[in-house]
Amino acid sequence: MYASRQPLDDCTKEALLLIMDGETTTIGAPEPCYGQDMSVMLEMQKDALRSLTARDKRVLERATSYLDASKYEILDDNLKVRREQIRMSTRYLESQLQQQAQSEQAATQD
């Protein structure tokens, strides 16, 4: 949850985890998408990114009372990393779907 700069004390960690859990419950967490069709997985990842972005915004708003500026920055950076991982995964799925469509189109033309 945080980088190796200044570790959070146990009370602050617990408060942040409760905030994150509460916001996830409020906004809703997407279902896991294992073994689904790629187009379904892509839509699920897009939904997950929207939910995660909304949750992170609310978490950061609430976390200001628990964190000093440097710890707030660490939390913000780590939440951004998670969102970027989902964005990259989404782009990968989009490229895979494009390749699949091109392959199917080429196969029908033969």
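The values are calculated or read from the model by the stated rules, or taken from the named source; none is laboratory data. Computed from a predicted model, the values in this text were never measured in an experiment. Virtual Cβ from ideal backbone geometry, glycine too; neighbours counted across all protein chains shown. Accessible surface areas use protein heavy atoms only, side chains included; no ligands, DNA or RNA. Shrake-Rupley method; radii C 1.70, N 1.55, O 1.52, S 1.80 Å.
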Check your understanding: How large, in percent, is the carbon and sulfur part of the accessible surface of the stretch 37-108 at a probe radius of 1.4 Å?
Key -> 50 percent
Exercise for review: Compare M20, M41, M88 in a GNM of the chain, Cα atoms joined below 10 Å, and give the one with the largest fluctuation.
Suggested key: M88
Practice item. State whether the stretch 37-108 is rounded, prolate or oblate according to the following rule on the C-alpha gyration tensor (a ≥ b ≥ c being the square roots of its eigenvalues): a/c under 1.5 gives rounded; otherwise a/b larger than b/c gives prolate, and the remaining case gives oblate. Key: prolate
Study note, to complete from the structure: Applied in sequence order to the stretch 70-75, the curve 6.51 cos²θ - 1.76 cosθ + 1.60 (Karplus, θ = phi - 60°) yields integer Hz couplings, x standing for Gly and Pro, of 5, 6, 4, 4, 4, 4
**Study point:** Eligible aspartates and glutamates near K13 by straight Cα distance, threshold 20 Å, same-chain separation 8 or greater
**Key:** D21, E23, D56, E61, D68, E73, D76, D77
Study note, to complete from the structure: Calc'd 3J(HN,Hα), the stretch 47-57, phi into Karplus 6.51 cos²θ - 1.76 cosθ + 1.60 (θ = phi - 60°), Hz, glycine/Pro = x, comes to 5, 4, 5, 4, 5, 5, 5, 5, 4, 4, 4
Review point. Mind checking the dipole of the chain: about its Cα centre, +1 per Lys or Arg Cβ, -1 per Asp or Glu Cβ, Debye to the nearest 20?
Key: 280 debye
